[in-house]
Amino acid sequence: MRPQAQNTDKALAKATHASNSPFSLVTNGYWQTAFKALRPSYNPPSRQSLSGPLFHAEYEVASVSIINLIEEASCITLVTDGWTNLEAESRMNFALGTSSPLFFKSVNTATNRDSAAYMTDEVCGVMELVGSSKVKALVTKNASNMKAALVIDRFSLRYGHWLRRTLSEHVDK
């Protein structure tokens, strides 16, 4: 495969993944017509290539970029948000505020969505992964499970110093 075709496949894969488009888009007749109109000699990758090697390659590139941004950051805001997806699954998303906003991870909370202990473990786990000393702020929903997660013993024992430090930095003396 020529380098130009490889680059085009990578660009198509990135656009497909970033826009949450279905992998079957490359088999759709309208898209095939559009590809031929743009470049008659181009043969798009198969849906298996989009969901396999091209997906994994793009995932690796994005992962390295995210790791580098986290390592370079001196200050991180951890943002959590609970929601329900189209399949009616409860999810908890974790985003990081750095010089660039980053999506960090999403977890299925279906069986644990009301558990403050579970939420505490998830928040603490993310803080440990990114470096708790870098986390300067935590933004959560006002849901009762998230409020309870911040005061239960596991969070207080692990990050009580963090809460005291963060609060003291913002209290007028």
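Summary of computed values
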quantity	calculated
Breaking point among (1) modelled with pLDDT under 70; (2) surrounded by 12 or more Cβ atoms within 10 Å (Cβ to Cβ); (3) of a type in the set (A, V, I, L, M), for V171	(2)
Filtered residues of the stretch 80-118 (kept if among the β-branched types (V, I, T) and over 24 Å from S63 (Cα atoms))	T84, T111
For T98: the one exception among (1) within 30 Å of K10 (Cβ to Cβ); (2) free of Cβ contacts under 8 Å to residues at least 24 places away in the same chain; (3) β-branched (V, I, T)	(2)
Residue list for the stretch 32-76, filter: free of Cβ contacts under 8 Å to residues at least 24 places away in the same chain, out of contact with any helix residue (DSSP H, G or I) (no Cβ under 9 Å at 6 or more places or on another chain) and of a type in the set (V, I, T)	T33, V64, I67
Selection within the stretch 84-100 - more than 10 Å from the chain's Cα centre (by Cα) and modelled with pLDDT of 90 or more	G97, T98
Filter result (modelled with pLDDT of 80 or more and touching a Ser or Thr at 6+ places or on another chain (Cβ under 7 Å)) within the stretch 120-150	V123, K134, K136, A137, V139
Selection status of F23, surrounded by 10 or more Cβ atoms within 10 Å (Cβ to Cβ) and touching a residue at least 40 places away in the same chain (Cβ under 8 Å)	no
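The values are calculated or read from the model by the stated rules, or taken from the named source; none is laboratory data. The structure displayed is predicted, hence computed values, not measured ones. When we count neighbours, we look across all protein chains shown, and the Cβ atoms used for this are built from the backbone with ideal geometry, even at glycine.
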